[in-house]
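Notes follow the structure.
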Amino acid sequence: MARRNRLYLVRHGQINGHEHNPIHGHTETGLTETGVLQMHHLSERLRFLDIKAIFASDLERSAAGARWIARYHEAPVELVPDLREMYFGEWEGLTLEEVCRRFPEALARRQADLVNFSAPGGGESMAGFAERVLSWLKRRFAKQGPGDWVLVGHGGVNRVIICDALGLSLASMYSLQQDYGCLNIIDYFDDGTLVRLMNG
């Protein structure tokens, strides 16, 4: 059976301050020189594909990657707020070390219920975050029709989409590695999905 869609699912390049394990969520941050090179390399990998559409989070670290990839394609770039990383409330902009030190009780609640926990200050739950991302994806599949796309997302966004494609629980999300500048390839058929490449 012929595939309906192929999704080239990309994570943005390396970000400023990455060595401190930052929690950026919706917080803007730029790419390092390495991050720019990662996106340049990825754009070359995708250069000769027949891409019908390019989507990205509207946060600059993803949008920049989409613009690099679009240089070789006539497909338009659409920036989508629903593809932003999960929002972490009061944890936005902190490092993991700072969160562990300042929010030990909240972290214990998170460990007890990873999928439904929301960070203090209006953070999203993993369940709500996944609903946001996957609802957009399903609407877009219905609207876009057959063809191959690129989506430049974030670590969390990509993990949600891959979990859905593999039929995994959201609780398994952080068991899936997503390196900066990585590529995943998912084929969508009328009766299922096939993950051809992950974290490549």
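Filter the stretch 161-174 down to the residues that are of a type outside the set (A, V, I, L, M, F, W, C) and under 15 Å from the mean Cα position of the chain (by Cα), then identify the one that is modelled with the highest pLDDT.
Asp164
Could you list, in sequence order, the residues of the stretch 117-146 that are assigned to a loop (DSSP other than H, G, I, E, B) and exposed (fewer than 13 other Cβ atoms within 10 Å of the Cβ)?
Selection gives Gly121, Gly122, Gly145, Pro146.
Can you confirm whether Ser118 is in contact with a strand residue (DSSP E or B) (Cβ under 6 Å, 6 or more places away or on another chain), on the phi < 0 side of the Ramachandran plot and touching a residue at least 24 places away in the same chain (Cβ under 8 Å)?
yes
Working carefully through the options Leu114, Leu79, find the one that is closer than 15 Å to Gly153 by Cβ, outside any helix (DSSP H, G or I) and out of contact with any Lys or Arg (no Cβ under 8 Å at 6 or more places or on another chain).
Leu79
Would you point out the residue of the stretch 170-191, among those that are in contact (Cβ under 8 Å) with a residue 40 or more places away in the chain and part of a loop (DSSP other than H, G, I, E, B), that is nearest to Arg4 (Cα to Cα)?
That would be Asp190.
Pairs only if they're at least six apart or on different chains, beta carbon under 8 angstrom, first in the stretch 1-23 and under 22 Å from Phe88 (Cα atoms) and surrounded by fewer than 21 Cβ atoms within 10 Å (Cβ to Cβ), second modelled with pLDDT of 95 or more and basic (Lys, Arg); list them, first residue then second.
Pairs that qualify, where the first residue is under 22 Å from Phe88 (Cα atoms) and surrounded by fewer than 21 Cβ atoms within 10 Å (Cβ to Cβ) and the partner is modelled with pLDDT of 95 or more and basic (Lys, Arg), are Ile15/Arg61.
Select from the stretch 147-169 the residues that are assigned to a strand (DSSP E or B) and crowded, with 17+ Cβ neighbours inside 10 Å and list them in ascending order.
Of everything in the stretch 147-169, those that are assigned to a strand (DSSP E or B) and crowded, with 17+ Cβ neighbours inside 10 Å turn out to be Asp148, Trp149, Val150, Leu151, Val152, Gly153.
The values are calculated or read from the model by the stated rules, or taken from the named source; none is laboratory data. The structure presented is a predicted model; accordingly, all values stated were derived computationally and were not measured. Positions of Cβ are backbone-derived with ideal geometry, glycine not excepted, and every protein chain shown enters the neighbour counts.
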